[in-house]
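Data block below; observations after.
The values are calculated or read from the model by the stated rules, or taken from the named source; none is laboratory data. Everything numeric here is computed off the predicted structure, so don't read it as measured data. Every residue, glycine as well, gets a Cβ built from its backbone with ideal geometry; the counts of neighbours run over all protein chains shown. Ligands, DNA and RNA are stripped out before the accessible areas are found, and what is left, the full protein with its side chains, is counted by its heavy atoms. Shrake-Rupley method; radii C 1.70, N 1.55, O 1.52, S 1.80 Å.
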Amino acid sequence: MRGLFTMGCLDLLMEKGITFDAAVGVSAGVTFGCNLKSGQKGRVLRYVTRYCRDWRFCSFRSLLLTGDLFGSDFCYTDIPFKLDPWDSEAWDANPMDFYVTATDTATGKAVFRKVVKASNRKEIEWFRASASMPIVSRPVKIGRWTLLDGGIADSIPLHFLEDKGMEKNVVILTQPIGFVKMPAKFMPAMRLLLARYPAVVRTMARRHEIYNLETAYARKRAQEGKAFIIAPPESLGIGHICHDPEELRRVYNIGRQTMEEKLPSLLKFLGREE
């Protein structure tokens, strides 16, 4: 739910008409961030606050009945195609490239997928894969891959966009600058519960190292004028699950406020000063 901070940032960018050549999302950065390409400002906050108390959206009841903490049918079919429709036509018409990050359970490495025709519902499976947290989600099978949450292998894929030729990149973090991730406390349980996926276990054991290296690299690129970092001023104080609409709005509004404060510097970075 820290992704509500990201959406506060992105909604403000959409309101200001700021566009990008490409974007890459990870986990909630995909499931929420896809609205940047479809141009649907306000949609995420609307449906998350509306359904956050619905057991089908996110609950241990959903986990017990479906195998997914975030109900896959409700989140990836009912909401986007029935209850609060996602504008897949606008997505398809937008020339911005949008990449999804997932983790290959066979190798423990990141897999990137460029989603071109989101009007093809099969592509939504890549969104679900990117946000399928280990243990509380079923792995997602797509073609030759069996996939889990992209944040396991690559939480901040700045290298990926640079390798695609993007010379100036905006990095939205949901932890404060300077945050240092510590080793996972529950690795013994994860080794047991994820015994079928030893490569994932190995990657998760190193996840804190990977994350800290990636944030250090982002800061280095920002100092070099090649990246622009947007991050909350302090810990957002919200976890993976939240059933309080006011808490969700609070985190969203921190994103909007942070983006508002950063906007003049961002425009200068992008060469779009008003």
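Within the span defined as segment 64-73, one or more residues are open to solvent by 30 Å² or more (accessible area, probe 1.4 Å) and under 25 Å from GLN175 (Cα atoms). Apart from one condition, ILE135 fits all of (1) at pLDDT 95 or above; (2) closer than 16 Å to LEU194 by Cα; the exception is (1). Across segment 71-98, the qualifying residues are those that are touching a helix residue (DSSP H, G or I) at 6+ places or on another chain (Cβ under 7 Å) and touching a residue at least 60 places away in the same chain (Cβ under 8 Å), and the one among them that is farthest from GLU123 (Cα to Cα) is MET96. ARG56 meets all of the listed conditions (1) out of contact with any Gly (no Cβ under 7 Å at 6 or more places or on another chain); (2) open to solvent by 40 Å² or more (accessible area, probe 1.4 Å) but one, namely (1). Looking across segment 138-169 at every residue that is among the hydrophobic types (A, V, I, L, M, F, W, C) and in contact with a helix residue (DSSP H, G or I) (Cβ under 7 Å, 6 or more places away or on another chain), the one that is surrounded by the fewest Cβ atoms within 10 Å (Cβ to Cβ) is identified as ILE142. So PRO183 clears everything in (1) crowded, with 19+ Cβ neighbours inside 10 Å; (2) at pLDDT below 95 except one condition, right? Which one? Among (1) crowded, with 19+ Cβ neighbours inside 10 Å; (2) at pLDDT below 95, PRO183 violates only (1).
Taken as a whole, the condition of being open to solvent by 90 Å² or more (accessible area, probe 1.4 Å), closer than 25 Å to LEU4 by Cα and not acidic (Asp, Glu) applies to HIS240. Does ALA199 count as small (Gly, Ala, Ser), crowded, with 16+ Cβ neighbours inside 10 Å and either at pLDDT below 95 or outside any loop (DSSP other than H, G, I, E, B) (or both)? Here the answer is yes, as ALA199 does meet what is asked. Residues that are among the basic types (Lys, Arg) and assigned to a helix (DSSP H, G or I) within segment 40-75 comprise ARG43, ARG46, ARG50, ARG61, listed in sequence order.
Filtering segment 86-123 to residues that are part of a helix (DSSP H, G or I) and either farther than 21 Å from SER72 by Cβ or open to solvent by less than 10 Å² (accessible area, probe 1.4 Å) (or both) leaves GLU89, ALA90, TRP91, ASP92, ALA93. No other residue among LYS168, LYS181, LYS164 is within 25 Å of ALA222 (Cα to Cα), basic (Lys, Arg) and touching a Leu at 6+ places or on another chain (Cβ under 9 Å) apart from LYS168. May I ask you to list the residues in segment 194-235 that are out of contact with any strand residue (DSSP E or B) (no Cβ under 8 Å at 6 or more places or on another chain) and among the aromatic types (Phe, Trp, Tyr)? Residues satisfying the conditions are TYR211, TYR217. Can you say whether THR49 is of a type in the set (S, T, N, Q), touching a Leu at 6+ places or on another chain (Cβ under 9 Å) and either open to solvent by less than 50 Å² (accessible area, probe 1.4 Å) or farther than 27 Å from GLU247 by Cβ (or both), as far as the supplied structure shows? Taking the combined requirement at face value, the residue satisfies it.
For segment 143-158, the set of residues classified as touching a residue at least 24 places away in the same chain (Cβ under 8 Å), over 12 Å from the mean Cα position of the chain (by Cα) and either assigned to a strand (DSSP E or B) or more than 12 Å from THR203 (Cα to Cα) (or both) consists of TRP145, THR146, LEU147, LEU148, LEU158, listed by residue number.
Screening segment 124-135 for residues that are within 16 Å of the chain's Cα centre (by Cα) and over 15 Å from GLY33 (Cα atoms) and picking the one that is surrounded by the most Cβ atoms within 10 Å (Cβ to Cβ) gives SER132.
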